[in-house]
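> Handing you this structure, nothing more for now.
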Amino acid sequence: MPPTIASSSTSVPSKNAGWQQRSRRHVWHPCTQSIRLEAVPPLPIARGEGVWLFDHDGRRYLDATSSWWVNLFGHAHPAINAALKDQIDTLSHVMLAGCTHAPAVELAERLAALTGHALGHCFYASDGASAVEIALKMSFHAWRNAGRSGKQNFVAVRHGYHGETLGALHVTDVPVFRDAYAPLLANAHLVASPDARTAQPGEHAADVARRAAAELEALLAERHASIAAVIVEPLVQCATGMAMHDPEYLRLVRALCDRYEVHLIADEIAVGCGRTGTFFACEQAGIWPDFLCLSKGISGGYLPLALVMTRDAIYEGFVDDDVARSFLHSHSYTGNALACRAALATLDLFEREDALRRNLARAERLIGRLREGLHQGMPVDHLRQCGMITAFDVREPGVRFAERFHMAARANGLLMRPIGATVYLMPPYAIGDDEIDLLVDGTLATLQAVAAPSHADHEDHAEGGRDVALA
């Protein structure tokens, strides 16, 4: 059965409606067609607790997407709340240029230790796209400092997503985000995705990985002198529809980057912090990149924070009396003390709750329940899972499937936003067995409600309506 939600009397005016109207009037919502805000009004959230979000009318919704993949241990977690309350009475922020503070130092130390000190230095930023841009700039600049200024180009994986600022869009290959701004962008080299769904008859995911790596090898063999770095999303290309690949791809890419003297940038903004089953996704391939980008879950879903981890040797290439050889990139809120303290509290929870081990059982229950329910004639393909990320693709979804699914999920007490025809579940690690059952039952009920195209769908199609990739 779907989650129980509070009922509201039709005689009592909705408190949600007022907030929806005010939001439509003044807030420009991200990843949203403004013309659809009447049909799909924003859901006003009053508070959160654990895996649940509550609206102003008292209804609750299970946060099945971790609020855009950022929340790890649930909303309003007492331990993170306490850490932030303590920190705000001590130091909320000080610039990191010319100053330092304990939360920034301790977080960098602890993250470096998690890589076995393979990545020994952290550069802080405020969001994922900024982290990607920092990594791209660092790679180019490092090669220039090394006397190889001809290495100016980048290689990205087809259908990959790395953010929506101009530099990050340079290596993003999702048309709905990129096409409008194409005249402003340089073109990266694009190579095949190792998406396991593209396996030919008789092939396994590792075969697809080897085939994709062979295309990269051909490019590097010809162009490596002009290429600074290859950027990848380890194990899961999230924004293109949770496209998953075998760790063999990462091993092969690491070897190719070593052979052709090209940096490897691992964008773990969405897949890091335990989402794939290990704290860093790269761990499953037994490799470390030259640059590793983190954001989203690193602060537990509390505050904007991003960082780029890199090798000590790369850092040392910028240590010079010549200011032009220094990396002078900056953000006003770089290494914000509150955000770093939230991240430290989040790392504490990984240890205290043995989260990675406990997530194994959560993930197994989730995929088992879904496999059982979807086996009963549901129109879906490619049920797949990587750690705490589970997804499936809907056949013949009809027009505006993501929008229709999102609204039907709300009615079933779930907050979900499909990506095109891909339905995915990425709940906080605080989810329990009963809540997993509620999530699966609600997902199946929602799928049944929207699977058959309706008359309204045909009208939308006649008017040229189309689905938009929602995340």
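The values are calculated or read from the model by the stated rules, or taken from the named source; none is laboratory data. A quick note: this is a predicted structure, and the numbers were derived from the prediction, not measured. Cβ sites come from the backbone with ideal geometry, for glycine too, and all protein chains shown count toward neighbours. The area values use the complete protein model at the heavy-atom level, side chains included, leaving out ligands, DNA and RNA. Shrake-Rupley method; radii C 1.70, N 1.55, O 1.52, S 1.80 Å.
> Stokes-Einstein diffusion coefficient for the chain at 4 °C in a medium of 1.567 mPa s, Rh from the Kirkwood formula over Cα pairs: what value in µm²/s?
Values: Rh = 23.4 Å.
D, rounded to a whole number, is 55 µm²/s.
> Just subtract the alpha-carbon distance of I35 and D354 from 0.36 nm times their residue separation and send over the number in nm, one decimal. Write down the numbers at each step before the final one.
On the way: separation 319, 0.36 × 319 = 114.84 nm, distance 4.52 nm.
Full extension of this stretch gives 110.3 nm more.
> May I pose another question? With charges only on Cβ, +1 for K and R and -1 for D and E, what is the dipole size of the chain about its Cα centre, in debye, rounded to 20?
Values: 42 positive and 54 negative charges, 119 e Å.
Roughly 560 debye, rounded to the nearest 20.
> Take the Cβ-Cβ distance between D179 and D321 as r, set R0 to 41 Å, and report the resulting FRET efficiency rounded to the nearest 0.05.
On the way: r = 45 Å, r/R0 = 1.09.
FRET efficiency, D179 to D321: 0.35.
> Still on this model: Could you work out how far apart the two model spin labels at C99 and L190 are, taking each label as a point 7 Å from the Cα in the direction of the beta carbon, and quote it in nm?
4.5 nm
> Accessible area per residue, 1.4 Å probe, Å², for the chain: what's the number?
Values: 20550 Å² over 471 residues.
With all protein chains present, the chain gives 44 Å² per residue.
> Can I ask one more? Report the Cα centroid-to-centroid distance between the stretch 175-226 and the stretch 260-308 in angstrom, as an integer.
Cα centroid of the stretch 175-226 versus Cα centroid of the stretch 260-308: 20 Å apart.
> Nearest 500 deg cm²/dmol is fine: what mean residue ellipticity at 222 nm does the chain get from its DSSP H runs of n ≥ 4 alone, each adding -39,500 (n - 2.57), divided by its residue count?
On the way: 15 runs with 175 residues, N = 471.
After summing the helix terms and dividing by residue count, I get -11500 deg cm²/dmol.
> Among 22-30, 115-123, 61-69, how do they line up by average Cβ neighbours within 10 Å per residue, starting with the highest?
Values: 22-30: 10.3, 115-123: 18.2, 61-69: 22.6.
The packing order, highest mean first, is 61-69, 115-123, 22-30.
> For a quick protection proxy, order the peptides 146-157, 253-264 by their average other-Cβ count within 10 Å, most packed first.
253-264, 146-157
> What is the spin-label model distance, in nm, from A255 to Q376 if the labels are put 7 Å beyond Cα along the C-beta direction?
4.7 nm
> To continue, here is another question. Where the accessible area of the chain is counted over protein heavy atoms with a 1.4 Å probe, how much of it, in %, is carbon and sulfur? Don't skip to the answer; put the middle values down first.
Details: 11020 of 20550 Å².
Using a 1.4 Å probe with all protein chains present, the chain comes out at 54 percent carbon and sulfur.
> So, in Å, what gap is there between the alpha-carbon centers of the stretch 315-385 and the stretch 77-131?
15 Å
> Under the Kirkwood approximation for Rh and a Cα-based Rg, what ratio Rg/Rh is obtained for the stretch 250-369?
Values: Rg = 17.2 Å, Rh = 16.6 Å.
Taking Rg over the Kirkwood Rh, I get 1.04.
> Need the full-extension length gain, T90 to A221, defined as separation in residues times 0.36 nm minus the C-alpha distance. One decimal, nm.
Result: 41.8 nm gained on full extension.
> If the convex hull of the alpha-carbon atoms of the stretch 352-413 is projected onto planes in all directions, what is the mean projected area in square nanometres? Don't jump to the answer; show the numbers that get you there.
Working: hull surface 22.0 nm².
Mean projected area for the stretch 352-413: 5.5 nm², to one decimal.
> Something else: Pop a pseudo-label 7 angstrom from the Cα along the beta-carbon direction at both Q152 and Q200 and give the gap in nm to one decimal.
Here the modelled spin labels are 3.8 nm apart.
> Continuing with this model, one more query. Using the C-alpha atoms of the stretch 257-301, what convex hull volume per residue, in cubic angstrom, is computed? Before the final figure, lay out each step's value.
Working: hull volume 2.7 nm³, N = 45.
Hull volume normalised by residue count: 59 Å³.
> Now for a different question. Please turn the phi angles of the stretch 207-213 into ³J(HN,Hα) values with the Karplus equation 6.51 cos²θ - 1.76 cosθ + 1.60 (θ = phi - 60°), one per residue in order, whole Hz, x for glycine and proline.
5, 4, 4, 5, 5, 5, 5
> Short version: ³J(HN,Hα) in whole Hz for each residue of the stretch 173-190, in order, from phi by Karplus 6.51 cos²θ - 1.76 cosθ + 1.60 (θ = phi - 60°), x for Gly and Pro, what are they?
Taking θ as phi minus 60°, the curve returns 10, 10, x, 4, 8, 9, 4, 4, 10, 3, x, 8, 10, 6, 9, 7, 6, 10 Hz for the stretch 173-190.
> Suppose every K and R has +1 on its Cβ and every D and E has -1 on its Cβ; what is the size of the dipole of the stretch 176-269 about the Cα centre, in Debye to the nearest 20?
For the stretch 176-269, the charge dipole is close to 80 debye.
> Here's another thing I want to ask about it. Can you tell which of G277, C293, L250 lies farthest toward the positive end of the dipole of the chain, using +1 and -1 charges on the Cβ of basic and acidic side chains (Lys, Arg; Asp, Glu)?
C293
> Which of M378, V399, G368 sits farthest toward the positive end of the charge dipole of the stretch 345-449, with +1 on the Cβ of Lys and Arg and -1 on the Cβ of Asp and Glu?
Sorting the options by dipole projection puts first V399.
> So, one more: What relative contact order, as a whole-number percentage, does the chain give when Cα pairs under 8 Å and 6 or more residues apart are counted? All intermediate terms of the calculation are to be shown ahead of the outcome.
Working: 877 pairs, mean separation 97.1, N = 471.
Across the chain, relative contact order equals 21 percent.
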